[in-house]
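Visitor: Dumping the structure here so I can ask a few things about it.
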Amino acid sequence: MFDHIAPVYDLLNHILSFNIDRRWRRKLVRLAFHDFLRSGKQASEASILDIATGTGDLAIQFSRKFNCPLTGIDISSGMLYYAKEKTARQKGCFTFIEADSENLPFTDQSFSLAAISFGVRNFSDIEKGLSEICRVLVPEGKLWILEFSNPQGTVFSKVYWFYSLRILPKLANLFTKDKRAYNYLPESIREFPSPHEFELLALNAGFRRFTTIGLSGGIASIFILEKKIDA
């Protein structure tokens, strides 16, 4: 499914989110950058893993801010093709690997920071995926997640779901004939665990702290997970 929509993925993301997705990514990277500096290290010392990297948008943002080598993985070869094409025009150092987020091809404690934008809800087993990410992070390393949320509030929630269920798939169909992808989007958001349930999965996976930052009225959230010292 993601291979099929890869050629128009970036365009659709920006159009269907009214370009807000760019701002969300920049905020996540900015927060991660300042948090990393508070640890007493230089940003260029970071080792960053971008999981479910897609076409590399988040990877590019991290590379610009941290000025360090960056590794991106995705299960879709189609997405990675465009990620490599985009980053070839960038100054940073990028490595892209076709791999399953729930079976990462890296040794324990390989990365100081990991990130996922709009990919966690695509895991077949969220706890297993989080456990794998925890494994490859150094102790006290952090996982930064940007993901869609189920907004609260009667009026706003109704407008949001009307757009997601009725308008968004029709707009997407103007650009791609693969209707599954943008019918799948609202379905996957609805099935995503609640913040409390997600926190329990993270704690079971080996993280010790779980912080949530709501974005744009609850349309999306940034989740910050910190690995236990002894995990």
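Visitor: Do you know which residues across segment 122-167 are in contact with a Ser or Thr (Cβ under 9 Å, 6 or more places away or on another chain), over 20 Å from PRO195 (Cα atoms) and not in a helix (DSSP H, G or I)?
Guide: Across segment 122-167, the qualifying residues are LEU137, VAL138, GLU140, GLY141.
Visitor: With the requirement that a residue be over 14 Å from the mean Cα position of the chain (by Cα), surrounded by 15 or more Cβ atoms within 10 Å (Cβ to Cβ) and not aliphatic (A, V, I, L, M), what does segment 11-50 give you?
Guide: Passing the criteria: SER17, PHE33, PHE36, SER47.
Visitor: Report yes if ILE222 is within 19 Å of the chain's Cα centre (by Cα) and at pLDDT 90 or above, otherwise no. Don't jump to the end; show me each part of the working.
Guide: On the way: within 19 Å of the chain's Cα centre (by Cα): yes; at pLDDT 90 or above: yes.
Yes, satisfied.
Visitor: Then there is this: Considering segment 203-225 alone, what residues qualify as being under 26 Å from SER157 (Cβ atoms) and free of Cβ contacts under 8 Å to residues at least 60 places away in the same chain?
Guide: PHE210, THR211, THR212
Visitor: Okay, moving on. Run ASP57 past the list (1) under 20 Å from TRP24 (Cα atoms); (2) over 17 Å from the mean Cα position of the chain (by Cα) and report the number of the one that doesn't hold.
Guide: Only one criterion in (1) under 20 Å from TRP24 (Cα atoms); (2) over 17 Å from the mean Cα position of the chain (by Cα) is unmet by ASP57, namely (2).
Visitor: Based on this model, can you work out whether THR107 counts as loosely packed, with under 14 Cβ neighbours inside 10 Å, at pLDDT 95 or above and not in a loop (DSSP other than H, G, I, E, B)?
Guide: Values: loosely packed, with under 14 Cβ neighbours inside 10 Å: yes; at pLDDT 95 or above: yes; not in a loop (DSSP other than H, G, I, E, B): no.
It is false that THR107 is loosely packed, with under 14 Cβ neighbours inside 10 Å, at pLDDT 95 or above and not in a loop (DSSP other than H, G, I, E, B).
Visitor: Quick one: in segment 69-81, which of the residues that are small (Gly, Ala, Ser) and crowded, with 20+ Cβ neighbours inside 10 Å is modelled with the highest pLDDT?
Guide: GLY72
Visitor: Being in contact with a strand residue (DSSP E or B) (Cβ under 9 Å, 6 or more places away or on another chain) and at pLDDT 90 or above narrows it down to one residue among GLU147, GLU197; which is it?
Guide: Working: GLU197 fails: in contact with a strand residue (DSSP E or B) (Cβ under 9 Å, 6 or more places away or on another chain).
From the options GLU147, GLU197, the qualifying one is GLU147.
Visitor: Return the residue satisfying two criteria in turn: it lies in segment 87-96 and is modelled with pLDDT of 95 or more and surrounded by 14 or more Cβ atoms within 10 Å (Cβ to Cβ), and of such residues it is nearest to the chain's Cα centre (by Cα). Full working, then the answer.
Guide: Filtering segment 87-96 down to residues modelled with pLDDT of 95 or more leaves 94-96.
Still in the list and also surrounded by 14 or more Cβ atoms within 10 Å (Cβ to Cβ): 94, 96.
Values: PHE94: 17, PHE96: 15 Å.
My answer is PHE96.
Visitor: Is it the case that LYS84 is of a type in the set (Lys, Arg), touching a Phe, Trp or Tyr at 6+ places or on another chain (Cβ under 8 Å) and surrounded by fewer than 18 Cβ atoms within 10 Å (Cβ to Cβ)?
Guide: Working: of a type in the set (Lys, Arg): yes; touching a Phe, Trp or Tyr at 6+ places or on another chain (Cβ under 8 Å): yes; surrounded by fewer than 18 Cβ atoms within 10 Å (Cβ to Cβ): yes.
In short, yes.
Visitor: Counting only residues that are β-branched (Val, Ile, Thr) and out of contact with any Lys or Arg (no Cβ under 6 Å at 6 or more places or on another chain), which one in segment 17-54 is modelled with the lowest pLDDT?
Guide: First, the residues of segment 17-54 that are β-branched (Val, Ile, Thr): 20, 29, 48, 51, 53.
From what is left, the residues that are out of contact with any Lys or Arg (no Cβ under 6 Å at 6 or more places or on another chain) are 20, 48, 51, 53.
Numbers: ILE20: 90, ILE48: 98, ILE51: 98, THR53: 96.
Here the answer is ILE20.
Visitor: Which of the residues spanning segment 130-151 are out of contact with any helix residue (DSSP H, G or I) (no Cβ under 7 Å at 6 or more places or on another chain) and small (Gly, Ala, Ser)?
Guide: GLY141
The values are calculated or read from the model by the stated rules, or taken from the named source; none is laboratory data. Remember, it's a predicted structure, so these values are computed and weren't measured experimentally. As a convention, Cβ positions derive from the backbone with ideal geometry for all residues, glycine included, and neighbour counts pool all protein chains shown.
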